[in-house]
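One structure is given below, encoded as structure tokens.
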Amino acid sequence: MSSGFEIRWHGRGGQGAKTAALLLADVAFQTGRYVQGFPEYGPERMGAPITAYNRISDKKIRVHSNIYTPDLVVVVDETLLHSVDVTAGLKEEGAIIINTPKSREEILPLLNGYKGGVYTVDARKISVEALGKNFPNSPMLAAAVAVGRIMERDAFIAEMRASYQHKFAKKPEVIEGNMKALEMTFDVLEEALKEDMKRSA
Amino acid sequence: MAIKDRMSGNEAVSYAIRQINPDVMPAFPITPSTEIPQMVSTYIANGEMDTEFIPVESEHSSMSAAIGAQAAGARSLTATSSAGLALMWEELLLAASNRMPLAMALVNRTLSGPININCDHSDGMGARDTGWIQIYAENNQEAYDNFIQAYPIAEHENVHLPIMICQDGFITSHAVENIKLLEDHVVKEFVGEYRPEEYLLNPGKPIAVGPYSVTNYAMEAKKNQEIALENSKAVILEVAKRFERISGRSYGLFEEYKTEDADYIMLLIGSAAGTAKQAVHNMRKEGKKVGVIKLRVFRPFPAKELAEALRNCKAVAIMDRCESYNGNGGPLGSEVTAGLFRHKVSIEAVNYIYGLAGRDFTVEDVYDIFEELSDAVENGKEVEQYQYVGLRK
């Protein structure tokens, strides 16, 4: 079954995983592709585990079910690794990105022997440094675009600037911080991604 | 020129409402339709439309106010879901029997209990005999397109009935997808101005709305209402033709996908139809003769048209996203099998209940159901005629 590139987001209510999925749909749409971005709600409260999804395809997307065999999983909250089977159904040739200060090696034992790409991003550190606050969704969005190779860095950065200018029209002071968070994430991941390219080449 | 955009189902309906710019919108928020009055209020606050928005204290009042405004001569609408629709019950019947062509954006959500916010069709199906026209959407595009067609259908002189434009809660209401929008002036021209012939605030031509009717006349009033609903079928098709001319997108009472030579057909309503179409697309590659019928118009119910569309297949899976608690099947199952019997179509017809309270329905579920149908026909396997899909074992 082909429904394009499929992404599953794991987060907690209030962290912005849903917003990140919707923003990703937004930027992928700008590349002329078909997109879906949708949340799956459990109990409606802050802190409860939530899941959000993206499909990105060159063809019209008809399927309206959740995603069970994703190409990419993004974990916005590291504490979920103990309660949610985040690698369930994740394709072997796919990848997982985890928001954590820990290294890839420290995280691996928590991933049920997952064999695909494993990337860690310290989104809290990036966000605090760039924005002065812990809003992990901007770094995790950048990480999803970089690891999923959804679009070129420059095009993504340009689209996100336009998107933030619209979204934060009433608080323009946060735009630069968010842009900085995106750039920092790309820089952090650059090395890891280069290593992977070499390995798969 | 079509405008390519991406938005959620709720955004799409709100966008259509802005373009139509009706006169009055009373509303009370309820998940997952809350965004619609919220977005419309924002459009109003920003001066992008001048609909009179009435914040009310309950859905009973929002429907009452919508009826009042419509009776006074204003084009009105509201939006709701689930328990909100249930609270409107008495007023839904009044809107239809008083022949008020008002519109409702219904974002389908299950009815309690257990209390749950997710999608099924129990709210809309619960209101199926209230006299409203009901049109269901597969995705954001259809929710948008159907809403633009709502008033031209409802206000037609042969119809004069209220209309519900339904979409699946969260699955389409909160999913951002690609969409093609029409330009404002194209929509405004298509929908036109509302010019009622008779209305309350019409000095010199007084009418009464909702008076007591003695038994000698009440039955005729009900029959006239029924005739209007029957009339709406032709009007729905006529409006769809006109809509195709401005949009390039064609609509009927239902959509047939790869059914011409299909032995096995799945009949369903709403967003799950897209999932079923993808499954059929995949199965066709393996040479399996399967197809999908997506029912768009549930009221008026196209019993004869559906019976004809199913006449040449061997078996149909009738999918209900709603339990009727009648011990015999769901609403779609009951009505389709009655239609098949009346039109002398004798095929295997299995009624499946799926997706209650947001339970996911997948491409694999579709494969399994077609497998079961073919097993029944090819191998004579006895199949439970009314059963659940995706239930915890």
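All of the numbers you see were taken from the coordinates with simple rules; none came from a lab. Keep in mind that this is a model prediction, so the values were computed, not measured. All Cβ positions, glycine included, derive from the backbone under ideal geometry; neighbour counts span all protein chains shown.
For this structure, a couple of remarks:
- When you restrict to C-alpha pairs under 8 Å that are six or more residues apart and normalise by the size of chain B, the relative contact order lands at 16 percent.
- For the range B:188-285, the set of GluC sites (Glu not before Pro) satisfying both a DSSP loop assignment and a count of at most 15 other C-beta atoms within 10 Å is given as B:Glu193, B:Glu197, B:Glu198, B:Glu260.
- Footprinting exposure proxy for B:Ser232, B:Ser346 (fewest neighbouring C-beta atoms within 10 Å first): B:Ser346, B:Ser232
- Size check on the range B:153-284: the Cα extents along the three principal axes, sorted descending, read 63, 40, 29 Å.
- The range B:192-279 - percent relative contact order, Cα under 8 Å, separation 6 or more: 12 percent
- Cβ crowding within 10 Å ranks B:Met39, B:Met219 as B:Met219, B:Met39, fewest other Cβ atoms first.
- The calculated pair-distance distribution of chain A uses every alpha carbon pair, bins of 10 angstrom beginning at 0, and gives 9, 38, 40, 13, 1 percent.
- Gap separating the Cα centres of the range B:83-141 and the range B:337-389, nearest whole Å: 26 Å
- Our summary of shape: the Cα atoms of the protein assembly as shown have principal axis extents of 85, 65, 44 Å, ordered from largest down, in whole angstrom.
- Euclidean distance of C-alpha centroids, the range B:180-255 and the range A:115-148, integer Å: 53 Å
- Loop-located trypsin sites (Lys or Arg not before Pro) across the range A:7-58 with a Cβ neighbour count of 15 or fewer within 10 Å are A:Arg45, with loop assigned by DSSP.
- In plain terms, the residue of A:Ile107, B:Ile179, B:Ile227 with the fewest other Cβ atoms within 10 Å comes first and the most crowded comes last, giving B:Ile227, A:Ile107, B:Ile179.
- In degrees, nearest ten, helix B:59-72 long axis to first principal axis of chain B (Cα): 60 degrees
- Cβ-derived FRET efficiency at R0 35 Å, A:Lys59 paired with A:Ser103, nearest 0.05: 0.35
- Normalised by 2.2 N^0.38 Å, where N is the number of residues, the alpha-carbon radius of gyration of the range B:208-306 equals 1.51.
- Eigen-decomposition of the gyration tensor built on the alpha-carbon atoms of the range B:128-186 gives equivalent ellipsoid semi-axes of 23, 17, 6 angstrom, largest listed first.
- Percent of Cα pairs exceeding the 35 Å cut-off, where the set is chain B: 25 percent
- Summarising the label geometry, the points placed 7 Å from Cα in the beta-carbon direction at A:Ser163 and A:Lys180 lie 2.1 nm from one another.
- FRET efficiency for A:Lys133 and B:Glu220, using Cβ-Cβ distance with R0 set to 60 Å, rounded to 0.05: 0.30
- The range B:254-388: relative contact order as a whole-number percent, Cα under 8 Å and 6+ apart: 27 percent
- In this entry, the range B:254-388 is assigned a mean projected area of 7.6 nm², taken as a quarter of its C-alpha convex hull surface.
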